[in-house]
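A.B. asks: Could you have a look at this structure, given as structure tokens, before my questions?
Each reported figure results from applying straightforward, stated rules to the coordinates on display, with no laboratory input. A quick note: this is a predicted structure, and the numbers were derived from the prediction, not measured. Ideal geometry is used to build each Cβ from the backbone, glycine not excepted, and the neighbour counts take in all protein chains shown.
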Amino acid sequence: MSGALAAAWRRGTIPVGEAGAPERPARPLRPLLRPPREMPKRRAFGSPSGRVALLHALAHIELNAIDLGWDIVARFSASGLPRAFFDDWVAVAAEEAVHFGLLADRLAQFGAAYGDLPAHDGLWEAALATAGDLLSRLAVVPLVLEARGLDVTPDMILRLERVGDGESAALLRRIYRDEIGHVATGARWFARLCRERGLAPEAAFRDRVRAAFAGHLKPPFNAAAREAAGLPSAWYAGLAG
Ligand SMILES: [Fe+2]
Ligand SMILES: [Fe+2]
């Protein structure tokens, strides 16, 4: 669905109009959504069930990421943004759908499927908290949440390799590479919109995160990957818990 819509967009058959975005995206009956504190603790990766839990949690993040990609496209369609803005986020949404598909395939190889385990609704709460302001959305979704993915993924890759699951490790490495691009897309548009509005990106980033993101940013940061994505440490260092 995401892939087909992205292809139609690339063909130029979809004009930028004034779309409305639903408050919540449609979701399958399963997984059951539970508060984050009720999530089972992630087990060690040594057992297949531990890896299924990891892959399931990541698939859930990617499903949310697909919805977040389309949400930014639809929700801010009437903001007078250039077509390039929509090109970028449609491409992100399409890539998130590829990630979801790869994780679903990997789950199937373990005899599992997305929906088998409960999941939490934390990511959509971030979407709701930033629905009214594009700079807040960019600050919190790509530049806090997706950047957090860059911080934690290399360690997951190492742990998967250590238990001999090179296939899952390779899948995460591919996702990691793409996600640097998503953070880069966020940083580029955040900086550009700040410039157009006469705002200093560094201060604007801190203001938006403080206002719209509950809690502190968790170090240690993957400063090298963040830097590669155009997210300088000066923006986020002061927000660490
Ligand atoms: Fe992704
Ligand atoms: Fe992403």
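A.B. asks: Which residues in the range 30-69 have a backbone N closer than 18 Å to a point placed 7 Å from the Cα of R10 along the Cα-to-Cβ line?
C.D. replies: Answer for this model: 66, 69.
A.B. asks: How far is it, in nm, from the label point at A200 to the one at D155 when both lie 7 Å from their Cα along the line to the Cβ?
C.D. replies: The modelled label-to-label distance comes out at 3.3 nm.
A.B. asks: Follow-up. How would you rank R173, R226, going from fewest to most other Cβ atoms within 10 Å of each one's own Cβ?
C.D. replies: Working: R173 16, R226 22.
With the fewest neighbours first, R173, R226 line up as R173, R226.
A.B. asks: Still on this structure, I have one more. Using Cα-Cα distances under 8 Å and only pairs 6 or more residues apart, what relative contact order does the range 4-137 have, in percent? Numbers along the way, then the final one.
C.D. replies: Numbers: 135 pairs, mean separation 51.4, N = 134.
That works out to 38 percent.
A.B. asks: Ranked highest first by the average count of other Cβ atoms within 10 Å around their residues, in what order do 196-202, 211-217, 110-116 fall?
C.D. replies: Details: 196-202: 12.1, 211-217: 14.3, 110-116: 15.9.
The peptides rank, most packed first, as 110-116, 211-217, 196-202.
A.B. asks: Highest first, please rank the peptides 127-134, 10-17 by the mean number of other Cβ atoms sitting within 10 Å of their residues.
C.D. replies: Per-residue mean Cβ counts within 10 Å order the peptides as 127-134, 10-17.
A.B. asks: For the chain, with only Lys/Arg (+1) and Asp/Glu (-1) charged at the beta-carbon, what is the dipole magnitude about the Cα centre, in debye rounded to 20?
C.D. replies: Working: 30 positive and 27 negative charges, 63 e Å.
It comes to approximately 300 debye.
A.B. asks: Which of the helices in the chain meet the span-like rule: DSSP H, Cα axial reach of 30 Å or more, Kyte-Doolittle mean at least 0.0? Walk me through the numbers on the way to the answer.
C.D. replies: Values: long enough: 48-75 (39 Å, 0.59); 83-109 (39 Å, 0.39); 166-196 (45 Å, -0.33).
Helices passing the filter in the chain: 48-75, 83-109.
A.B. asks: Continuing with the same structure: Do you know the relative contact order of the range 13-83, to the nearest whole percent, from alpha carbon pairs under 8 angstrom that are 6+ apart? Let's see the in-between values first.
C.D. replies: Working: 28 pairs, mean separation 37.5, N = 71.
Relative CO of the range 13-83 lands at 53 percent.
A.B. asks: Give me the extension gain from M39 to H216: residue separation times 0.36 nm, minus the current Cα-Cα distance, reported in nm with one decimal. Let's see the in-between values first.
C.D. replies: Details: separation 177, 0.36 × 177 = 63.72 nm, distance 2.04 nm.
Taking M39 through H216 to full extension adds about 61.7 nm, to one decimal.
A.B. asks: Oh, and also: Grab the Cα-Cα distance for V98 and M1, subtract it from 0.36 nm times how many residues apart they are, and report the gain in nm with one decimal.
C.D. replies: 33.8 nm is the gain from fully extending V98 to M1.
A.B. asks: What distance in nm separates the two pseudo spin-label positions at L239 and E167, each 7 Å out from Cα along the beta-carbon direction?
C.D. replies: Reported label-point gap for L239 and E167 is 3.8 nm.
A.B. asks: If you don't mind, there's one more thing I want to ask. Rounded, prolate or oblate: which one fits the range 78-138, using the alpha carbon gyration tensor with axes a ≥ b ≥ c (rounded when a/c is under 1.5, else prolate when a/b beats b/c, else oblate)?
C.D. replies: Numbers: a/c = 5.22, a/b = 1.72, b/c = 3.04.
In terms of gyration-tensor shape, oblate.
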